[in-house]
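Since the structure comes first, as structure tokens, the remarks are kept for the end.
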Amino acid sequence: MSTTSDELREEVRRRYAQAATSTNCCGGACDGPYDAAQRADLPDAALAASLGCGNPVAVAELHEGETVLDLGSGGGIDVILSAKRVGPTGTAYGLDMTDEMLDLARRNAAEAGVSNVHFLKGVIEAIPLPAASIDVVISNCVINLSIDKAAVLSEIERVLKPGGRVGVSDVVAEDRLTPAERAERGSYVGCIAGALSKSEYVAGLEAAGFEAVSVEFTHEVADGMHGAIVKAVKRAA
């Protein structure tokens, strides 16, 4: 029997709700990509709940005063680090669909002493923010979990200002792997089965209205599956 989109989303939601109180890494990296200085800025509970596969805050090259959105913000690690990077004149938003993770993220942000943060409940296929309101969109091993990646990429394009940037860490497949072969290498909620291939990612971002698109493999997480850095820029108006 095939799994419906609603069932997949509920499976992902349930897994991440459980992860708010336990550690279960996506892509096998957890908090590994964060350097000592970044770890020092983070509560232990945020690090313990990390499910990421990279360090999108470093990838995005954030600047003071910018407005940042983290898709699938989980325990709040990347929102907290972004808030510190953009400073008091900037803002960091986190979007998550699980109440448990949102509660944890708010506690972690309070413990970290950052006030320029806002955590929103919703799905990444329908971002609850106005058009052209964000300078940078980041995400850490979450887009691969979406049931409608084209919708996610279109929503990212919508909320970004012209010239706005994407800096994402994600699991990406080599072009040689079919969707069935990707599924053989791991589960959907384990960030493997739902991963796009490199050429699919590039084509999807370009179709959504992005330029200067790049997908760079960083580490292998399964045969033909890699942690990757994904960058793009929204075309100027």
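Where a number appears in this text, it was derived from the coordinates with a stated rule and is not lab data. If you're wondering where the values come from, they're calculated on a predicted model, not measured in any experiment. Here Cβ is always computed from backbone atoms with ideal geometry, including for glycine, and neighbour counts include all displayed protein chains.
Evaluating S154 against the criteria (1) among the hydroxyl-bearing types (S, T, Y); (2) closer than 20 Å to D70 by Cα; (3) touching a strand residue (DSSP E or B) at 6+ places or on another chain (Cβ under 7 Å) leaves one unmet condition, (3). Scan the range 102-138 for residues that are assigned to a loop (DSSP other than H, G, I, E, B), more than 16 Å from I77 (Cα to Cα) and hydrophobic (A, V, I, L, M, F, W, C) and the total you get is 7. Scanning the range 157-178 for residues that are touching a residue at least 24 places away in the same chain (Cβ under 8 Å) and of a type in the set (V, I, T), we see that the one that is farthest from V68 (Cα to Cα) is V172. Of the helices (runs of 4 or more DSSP H) entirely within the range 139-224, those holding at least 1 residues that are in contact with a Leu (Cβ under 6 Å, 6 or more places away or on another chain) occupy 149-159, 198-208.
Count of the range 58-101 residues, restricted to those that are of a type in the set (S, T, Y), in a loop (DSSP other than H, G, I, E, B) and surrounded by 24 or more Cβ atoms within 10 Å (Cβ to Cβ), is 1. Counting the residues of the range 110-128 that are touching a Ser or Thr at 6+ places or on another chain (Cβ under 8 Å) and closer than 18 Å to V86 by Cβ gives 4.
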